[in-house]
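Shown next, in structure tokens, is the structure this report addresses.
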Amino acid sequence: MIVAGVILVILVASVLFHLFTPWWMTPIAADWSTIDHTLRLTFWVTGAAFVAVIAFLGWCVYRYRHSETRRAHYEPESGKLETYLGIATTIGVVFLLAPGLVVWNSYIHPPADAAEVEIVGQQWNWFYRLPAEGGKLGRADARFVTAENPLGVNPYDPNSKGNLIVNGGDLHLRVNKPVKILLRSIDVIHNFYIPEFRAKMDMLPGSESFFWVTPTRTGTFEILCAAYCGTGHPFMRGTLVVESDADYEKWIAQQQKFTAMNEQKRGFAALPATGQEK
Amino acid sequence: MTPATPAVDRQHSGRLFFVVWAWLFALSFLSWLVAYFGIAGIPRWSLISVFMLAKAALIVAVFMRLAWERLALVFAIVAPLLALVAFISALNFEAVYIHSQRENYQGVKAP
Amino acid sequence: MPTDLTVAKKSALRQMTDDWSADQRVFRGVTWGKAMMWVFILGDAFIFACFLLGYLAVRHTTTEAWPNTAEVFTIHVGGKPIPFLLIIVMTLILDSSSGTMALAINAAHRRERKKCAALLFATVLLGLTFVGLQAMEWRNLIAEGLRPAHNEWGAAQFGSCFFLITGFHGLHVSFGLLFMANIARKVARGDFDDGRRGFFTGRRGRYEAVEIMGLYWHFVDLVWVFIFALFYLW
Amino acid sequence: MVEVRAGEEGFHPDDFEDEEVPHPRSWWTKYVFSQDAKVVALQYAGTAIFVGFIALVMSWLMRIQLAFPGALSFIDQDHYYQFITMHGMMMVVYVLTAVFLGGFGNYLIPLMIGARDMAFPFINMLSYWFYLLAVLILLSGFFLPGGPTGAGWTLYPPQALLQGTPGSQYGIVVMFASLCVFIAGFTMGGLNYVVTVLQLRAPGMTMMRLPMTIWGLFIATIMALLAFPGLFVASLMMLCDRLLGTSFFMPAIVQNGEQLAHVGGSPILYQHLFWFFGHPEVYIVAVPAFGIVADLLSTHARKNLFGYRMMVWATIAIGVLSFVVWGHHMFISGMNPLFGFFFATSTLIIAIPTAIKVYNWIFTIWRGDIHLNVPMLYSLSFIVTFVVGGLSGLFLGNVAVDVPLNSTYFVVAHFHMVMGIAPLLVIFGAIYHWFPLISGRMMNEKLALAHFWITFLGTYAMFFTMHYLGVLGVPRRYYELGQTAFIPPSVTSLNIFITVLALIVGAAQLVLVYNFIRSWRHGEVAARNPWRATTLEWQTPDMPPPHDNWGPQAPKVYRWAYDYSVPGAPRDYIPQNQPEARA
């Protein structure tokens, strides 16, 4: 009796907690509402399963509790029941999986007109690199990193000329313009995480990862690191400003160019002798 | 004390093992020849793989006597190796991707 | 209970399902020791597979050129360079030790004590030669400047993989040799004929030990087949 | 009598099936270097539980730091991350794996299948001593300069190897060395469990008459034997990177403005190797729990296990599938994004056999005669926590939903619920269930109930609510949240709530220890087969079972393990070794 009651209380309390929780998704600031929809859908489906299973469990405990007169029913298996349940579960799983895969498909295919911005992580700072107007991002490699070239931009790549380097400042993005975010690290694994964007991705040293996003509202957002990157991990913060085109133009005009940073040219001598490239 | 009553039908003449031994020599030698003559590209990989798998099959089937084991044992040994197939394909898929990312975005030489 | 004659007539698949649904043993006619060694080999195969997969993945990912193994593993005979000469000799020796091992098992089945012991000692000798040649190969390459962390011929991972994989395999060979020498000694002394008990396990010695040892030894040879093809020749 | 075995090669077991169990000759070989699986089991479980308490204390310290930042001044960032790492690795590998396979596996496998001991008692004994050595190597990290490693329990490179990570000098080396020794030791035990189940069963004991406990332990052991190689190889490669300066996992790295000597390695390769082990590891812990809970439910509900065949095949399916889902731990790791489709699909497929198991547990008590004994309470609480943890796994397995939740407290809540708390509750239930068999006495029920309610309700409240921190987006592995705009102050109150519960629940475990020790000496003497169970371990001539389990007469098995309340039978259970239903 008590046990069945407690199971019921757990069920009701869990559902109520879900309905009235003060801890819920932050207001979204990107067009990844599809992710939110899938998340909500998953809550509905799993919530229904939770209620059904736990309620049935509690009812069983109540209804079939021991008494002197009771004797259990002997029934090794019921093929029909198991088949029905298997099919129902499969349907539920397909119902969850299909939207997830569709959303993932769009997640990994940035639109062709997306602007590019590279984000570089280093314990425990964020750096940003943007192509010049109409230009492209040059290659980069941790082996180029020097005091003058903290991002390791490849000085031999013509595309590197004119790349804008943001070292220590905030990152600005245009509102309602898709942007492909390229991610790289020059020491350990980091993760570029803005809760309001929903999207995130690890930043790997020695490789390049990416995701894309369209910011949908202007404002200032906090950038966090979401992959354990050493003892300073909680303090690896940055700031993202989403703003109108006009404000963005003003900001971009103030940014430093890679060639300007490297007037001294000292960084180029640092090319390490690491053997032949393929 | 164990009864030392070996049933005659449980043994093989040594001849079979000499034949397999000779085959192992031949296959090793053939794969060495592939390298010696510097055959490159797909012919090299396919030849080496074929010789490798043939040799492995001979060792497992005859020397390790799997060919005479009952199917239950053979199955129990071969089936788990399928997990490796998944792992091989996944890691290969991944390595190609990482390599292309490095080629596209990184590198110390001018493109 | 079906007799074995009727079992033989059944289809192989039917026989297998019968085996799996039998009581007491799944693997009929398989001793505990042999079953254990097979399961161990399966796990060990996964270890070596992970080594080789890791090597292939690293080789594939690195943007540095992979050294030309035909040049690295070349031996000059009378001024003429012969690629992989040492490796092919090592391979043939290990194959031969597998051959003598197989014959030793055959002799063990027939309870031919002297023949079995002689063949086991021959296997030990061939195995020792293999380990000796491998040591020589390591010494030569180290003299030429190959190190775990770097080498002059290309990607640094080449040396790492070489030392790790051949080292781990060599360790398997060496451990096998220790156990095999012990078993050869026991066979020669007649432990398996008079059922003398093992020092640690307290169990009776049996000729079965030769077969189990053989499984391990063939497995070591089997792994070398893959290392030879995938690391040296690939 | 020598059969003619046509077409079979080599030696035949019938030629020498005279294996006797090695008898101890002295106090040392009886209680310390014992080859008796039952003693090895207690050694394994005792050591694991000791390690578990160390890990528990570390979780306390972490929780105190999270709820009251700076309250304990000796917990600095280094210590916090060392606690995280050691807590995770200890609980997953050195506690849960060791308790289930080393503890329950050793005790129950020979008894439940009707064998006299493991197939290779000597190797089985070595397995424990290797395990103990691994534990000692692991704990030595606390006493070395720099302390144990603080790389996070997944030990990802390059972080794990770089200076600045706590314990990067010695801690990381002893960690990987300890893992290698553990794997070597586990392999020795694992070979025993597999061969014993396959080849040493009693007459009449077919695979399809094995209790689910044995199925769970058997499948988990096979998975462990095939999955640990991934970790073993990753460990050796990491040791090479750390000690020899190789670059398996280390690309070109700049630290403190200095170029390190590494070049060209692939950190993500480590992640693949690790999770190729790591995901099956989850089921290595869960599958034995699934098996044990099925037996507990059936015994204490006096009803046959519902859908036994389906349960067996579901277990096998889970075992097989768990080798192709490891990538769901890496959805946002920067791996080839196309993997997302494959691993999300395979992960959600594995939910189907898992769900079938849940249904069958509940249908086992449905129309039963439920005795709410302590083991039954634990089994019910397992179902509740497992359902919650399993359902929240559907969020993380579905690739697009994983993106916002990954690396948040949702993950922490999920895996604690599903592979921390749920299997632990089964362990507790199993301890209460089999304690009479091991000691011949019953545990005190009042203390047991107190332990149960505190543990179950406390952990449920902790980890259920913690999911919502993840939905909010609170990132995990933060030593302190600091000033973060999107995190309201209410999060701190929730953190305090969770921490207080954690302290209470942790302290409640002492009740179990007290009850265990007290009942061992002074508990009420248990009746033979106190739960009236059908399985063989309760049918031994003495209780606790004698050294060779069965005395002169080994058991014969006539039926499956779930003949409870058979219509027409005089009693509501028929032991497996009883030939006639009417005896």
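Since every read-out is calculated from the coordinates, none of them should be taken as a lab result. Note that the structure is predicted; figures quoted are calculated from it, not measured. Using ideal geometry, Cβ is built from the backbone for each residue, glycine included, and neighbour counts are taken over all protein chains shown.
In debye, nearest 20: dipole of chain D around its Cα centre with unit charges on the Cβ of K, R (+) and D, E (-)?
1260 debye
For peptide A:58-69, compute the average count of partner chain beta-carbon atoms within 10 Å of each residue's beta-carbon. Before the final figure, lay out each step's value.
Numbers: counts 2, 2, 10, 10, 1, 5, 9, 7, 10, 2, 1, 1.
Per residue, the number of nearby Cβ atoms from other chains is 5 on average.
Enumerate the amide H contacts of A:E116 below 5 Å, restricted to partners 5 or more residues apart or on another chain; note that Pro and chain-start residues carry no placed amide H.
The list, which skips near neighbours in sequence, is A:K180.
For all pairs of alpha-carbon atoms in the range C:33-233, what percent lies in each bin of width 5 Å, listed from the first bin to the last filled one?
1, 7, 14, 18, 16, 14, 10, 8, 6, 4, 2, 0, 0
Using a Cα-Cα cut-off of under 28 Å, which lysines could be cross-linked to B:K109, ignoring same-chain neighbours fewer than 8 residues away?
A:K136, A:K161, A:K180, A:K257, A:K265, A:K278
Which of D:G146, D:V491, D:M223 sits farthest toward the positive end of the charge dipole of chain D, with +1 on the Cβ of Lys and Arg and -1 on the Cβ of Asp and Glu?
D:V491
Take A:N167 and A:A88, extend 7 Å from each Cα along the Cα→Cβ direction, and tell me the distance between the two endpoints in nm.
6.3 nm
For chain B, give the magnitude of the charge dipole about the Cα centre (Cβ charges: +1 Lys/Arg, -1 Asp/Glu; no others), in debye to the nearest 20. Before the final figure, lay out each step's value.
Values: 8 positive and 4 negative charges, 36 e Å.
Dipole about the Cα centre, nearest 20: 180 debye.
Can you spot the lysines whose alpha carbon is less than 18 Å from A:K80's alpha carbon? Ignore those fewer than 8 places along the same chain.
Output for A:K80: D:K357.
Between A:A112 and D:S493, how many nm apart are label points set 7 Å from Cα along the C-beta direction?
Between A:A112 and D:S493, the label points sit 5.4 nm apart.
When the dipole is taken about the Cα centre of the range C:1-128, and only Lys, Arg (+1) and Asp, Glu (-1) are charged at their Cβ, what size is it in debye, to the nearest 20? Could you put the intermediate results ahead of the total?
On the way: 13 positive and 9 negative charges, 132 e Å.
It comes to approximately 640 debye.
Could you pull out the longest piece of chain D with no exposed loop trypsin sites (Lys or Arg not before Pro) in it, calling a site exposed if DSSP puts it outside H, G, I, E, B and it has at most 10 other Cβ atoms within 10 Å?
Working: sites that count: D:R25, D:R582.
The reported range is D:26-581.
What ³J(HN,Hα) values, in whole Hz, does the Karplus curve 6.51 cos²θ - 1.76 cosθ + 1.60 give for the range D:107-124 when θ = phi - 60°, with x put for Gly and Pro?
Karplus-based 3J(HN,Hα) across the range D:107-124 equals 6, 8, 4, x, 5, 6, 9, x, 9, 7, 6, 5, 5, 10, x, 5, 5, 4 Hz.
For A:F210, enumerate residues with amide H under 5 Å from its amide H, sequence gap 5+ or separate chain, H modeled in the peptide plane.
Here A:L183 satisfy the definition.
How tilted is helix D:374-397 with respect to the longest principal axis of chain D? Cα atoms for both, answer in degrees (0 to 90, nearest 10).
40 degrees
Looking at the protein assembly as shown, send over the antiparallel percent of its DSSP beta bridges, to the nearest 5. It would help to have the intermediate numbers written out before the result.
Working: 41 of 54 bridges.
The antiparallel proportion sits near 75 percent.
Considering amide H positions built from the backbone, and no H for Pro or chain starts, which residues 5 or more places from A:L173, or on another chain, come under 5 Å of its amide H?
A:V241, A:V242, A:E243
Using Cβ contacts closer than 10 Å as the measure, can you line up B:L47, B:L16 from fewest to most? Working shown, then result.
On the way: B:L47 18, B:L16 12.
Result, fewest neighbours first: B:L16, B:L47.
Specify which residue in the list A:V9, D:Y460, D:S127 is farthest towards the positive end of the charge dipole of the protein assembly as shown, using unit charges on the beta carbon of Lys, Arg (+1) and Asp, Glu (-1), about the Cα centre.
Farthest along the dipole direction, towards plus: D:S127.
Taking springs between alpha-carbon atoms closer than 10 angstrom, which of A:S207, A:S78, A:S244 fluctuates most in the Gaussian network model of chain A?
Sorting by GNM fluctuation, first place goes to A:S78.
If you look for lysine pairs in the range C:33-233 that are eight or more places apart or on different chains, how many of them have Cα atoms under 25 Å apart?
Values: C:K34/C:K114; C:K34/C:K115; C:K34/C:K186; C:K114/C:K186; C:K115/C:K186.
Count of close lysine pairs: 5.
Hey, what angle do you get for helix D:445-472 against the long axis of chain D, alpha-carbon based, 0 to 90 degrees rounded to 10?
With both axes taken from Cα atoms, the answer is about 40 degrees.
How big is the gap, in Å, between the Cα center of the range B:34-84 and the Cα center of the range D:494-530?
Using only Cα atoms, the two centres lie 55 Å from each other.
Using a 10 Å cut-off around each Cβ, can you sort B:S100, D:S168, D:S178 from fewest to most neighbouring Cβ atoms? Let's see the in-between values first.
Working: B:S100 13, D:S168 20, D:S178 23.
By the 10 Å Cβ count, ascending, the order reads B:S100, D:S168, D:S178.
Using θ = phi - 60° and the Karplus relation 6.51 cos²θ - 1.76 cosθ + 1.60, list the HN-Hα couplings for the range D:279-291 in order, rounded to whole Hz, with x at every Gly or Pro.
Values per residue, Gly and Pro as x: 6, x, 4, 4, 7, 4, 7, 7, 5, x, 5, 4, x Hz.
Of A:T220, A:T231, A:T259, which is the most mobile in a GNM of chain A whose springs link Cα atoms less than 10 angstrom apart?
A:T231
Can you give the Rg to Rh ratio for the protein assembly as shown, taking only C-alpha atoms and Rh from Kirkwood?
Working: Rg = 31.3 Å, Rh = 32.1 Å.
For the protein assembly as shown, the value is 0.98.
When you look at the Cβ of every residue in B:52-60, what mean number of other chain Cβ atoms sits within 10 Å? Kindly include the intermediate steps, with their values, before the conclusion.
Numbers: counts 8, 3, 1, 9, 6, 2, 4, 10, 5.
If you average over the peptide's residues, the count of other-chain Cβ atoms is 5.
So what J values fall out for the range A:127-140 if you push phi through Karplus, 6.51 cos²θ - 1.76 cosθ + 1.60 with θ = phi - 60°, rounded to Hz, Gly and Pro as x?
10, 10, 9, 10, x, 5, 3, x, x, 10, 7, x, 5, 8
If you rank D:L96, D:L56 by fewest surrounding Cβ atoms within 10 Å, what's the result?
Numbers: D:L96 25, D:L56 19.
Going from least to most buried by this count: D:L56, D:L96.
Using a 10 Å cut-off on Cβ to Cβ distances, tally the other chain neighbours for every residue of D:334-346 and report the average as a whole number.
On the way: counts 18, 9, 10, 10, 5, 4, 6, 6, 4, 1, 5, 4, 1.
Shielding by partners across D:334-346 averages 6.
What are the membrane-span-like helices in chain A by this rule: whole DSSP H runs, Cα extent along the axis at least 15 Å, mean Kyte-Doolittle hydropathy at least 0.5? Kindly include the intermediate steps, with their values, before the conclusion.
On the way: long enough: A:2-20 (26 Å, 2.87); A:33-63 (44 Å, 1.04); A:79-107 (41 Å, 1.06).
Long hydrophobic helices here: A:2-20, A:33-63, A:79-107.
Using mean Cβ contacts within 10 Å as the protection proxy, how do D:390-400, C:188-198 order, highest first?
Going from most to least packed, we get D:390-400, C:188-198.
Pick from C:R203, C:R25, C:R14: which residue has the top mean-square fluctuation in a GNM of chain C where Cα pairs under 10 Å get a spring?
C:R14
Given the options B:F29, A:S209, C:S174, identify the residue whose Cα lies farthest towards the positive end of the charge dipole of the protein assembly as shown (+1 on Cβ of Lys, Arg; -1 on Cβ of Asp, Glu).
Farthest along the dipole direction, towards plus: C:S174.
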